[in-house]
Amino acid sequence: MTVLIIEDEPQAAARMQTLVKAHVANAHILAVIDSVSEAVQWFREQSTPDLVFMDIQLADGVSFQIFEQVEVKSPIIFTTAYDEYALRAFKVNSIDYLLKPVDDEEMLRALGKYEQLKQSVAVPGNSVMESMQKVMQMLGKKYKERFIIRAGEHLKTIEVSQILFFFSLEKVTFAQTPDGRKHVIDFTLEQLEEMIDPQRFFRINRKYIVSVDAIQDMFSYTNARLKVTLKSCEDTDIIVARERVQDFRQWLDR
């Protein structure tokens, strides 16, 4: 199998080569490329590789720019340091992704998907570009930096960086700050999920969206669930929803 690696971090590129050779029989790495311009030139002049591993951020831009300049017929497995929240739009057709640092289990999962889709190697250009555009919007999105809150008859702003967590109580949404104050926010938790940076905040259950800084302690709970203690929080019985535990662990371990 012929493999092309597009990666601008030397250590990551070396790691990728090691994993490919370890898990792909008779793998032949055609080249290791570190820029958009070099990748565009390569695809214009060389034959189509069986599989491409492609980092999102390259030395001279983002890899999505490659698709705007040249047709790429190979199936692609993206590698990225971004968390899974920003990559949901990737999961179409033959596109898969690996979160850095890449480990053996994730590599095997991605290669397994490649094997399943090998019968339809070519991915429709429009589908690829639609996915790229969605992810570009998500990665380049400007997240909210402050909220307007009421203080008696006055209005003031509160910086998002000062908020430990958001929670819902009796259909009202609050933002909790380290000083123990609860500020009413005029948005639902569902709306907030689209407004705040997923690198910093995570929706752990129907009631709470927490920041990294808010987590004081974590405990194993029944049925492979997690219980967390939050700073400046009166609620001592906060359980991470079962379906969110794995994503929560990945979010903490990024």
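Since every read-out is calculated from the coordinates, none of them should be taken as a lab result. Worth saying up front: this structure is predicted, and the values here are computed from it rather than measured. Neighbour counts run over all protein chains shown; Cβ positions are idealised from the backbone, glycine included.
Can you classify region 131-253 as rounded, prolate or oblate using the Cα gyration tensor, where a ≥ b ≥ c are the square roots of its eigenvalues, rounded means a/c under 1.5, and otherwise it's prolate if a/b beats b/c and oblate if not? Let's see the in-between values first.
Values: a/c = 1.97, a/b = 1.12, b/c = 1.76.
Taking the square roots of the gyration eigenvalues as a ≥ b ≥ c, region 131-253 is oblate.
Round to the nearest 0.05 the FRET efficiency obtained for His23 and Glu194 when R0 = 35 Å and r is the Cβ-Cβ distance. Spell out each step's value before the answer.
On the way: r = 37 Å, r/R0 = 1.06.
Rounded to the nearest 0.05, the efficiency is 0.40.
At a 10 angstrom cut-off on C-beta neighbours, averaged per residue, how do the peptides 34-40, 173-179, 148-154, 19-25 rank from highest to lowest?
Working: 34-40: 18.7, 173-179: 16.6, 148-154: 9.4, 19-25: 14.4.
Most protected by this proxy first, the peptides run 34-40, 173-179, 19-25, 148-154.
Fewest first, what order do Leu98, Leu252, Leu30, Leu51 take by the number of other Cβ atoms within 10 Å? Before the final figure, lay out each step's value.
Values: Leu98 19, Leu252 12, Leu30 15, Leu51 22.
With the sparsest Cβ surroundings first, the list reads Leu252, Leu30, Leu98, Leu51.
Sort Lys227, Lys100 by Cβ crowding within 10 Å, fewest neighbours at the top.
Working: Lys227 15, Lys100 18.
Going from sparsest to densest Cβ surroundings: Lys227, Lys100.
Given a Förster distance of 41 angstrom, what is the FRET efficiency for Arg150 paired with Lys113, based on the Cβ-Cβ distance and rounded to 0.05? The partial results should precede the final answer.
Working: r = 50 Å, r/R0 = 1.21.
E(calc), rounded to 0.05, equals 0.25.
Mind checking which of Leu169, Gln250, Leu189 is farthest towards the positive end of region 146-252's charge dipole, using Cβ charges of +1 (Lys, Arg) and -1 (Asp, Glu) about the Cα centre?
Sorting the options by dipole projection puts first Gln250.
Points 7 angstrom from Cα along the Cβ direction at Glu71 and Thr229: gap in nanometres?
6.1
Take the cross-link list Lys156/Lys182; Lys113/Lys227; Lys73/Lys113; Lys100/Lys231; Lys207/Lys227 and give me the ones stretching past 23 Å between alpha-carbons. Each step should come with its number before you reach the end.
Details: Lys156/Lys182 14 Å; Lys113/Lys227 33 Å; Lys73/Lys113 17 Å; Lys100/Lys231 29 Å; Lys207/Lys227 14 Å.
Beyond 23 Å: Lys113/Lys227; Lys100/Lys231.
Within a 10 angstrom radius of the beta carbon, how do Glu193, Glu234 rank from fewest other beta carbons to most? Spell out each step's value before the answer.
Details: Glu193 16, Glu234 8.
In order of increasing Cβ crowding within 10 Å: Glu234, Glu193.
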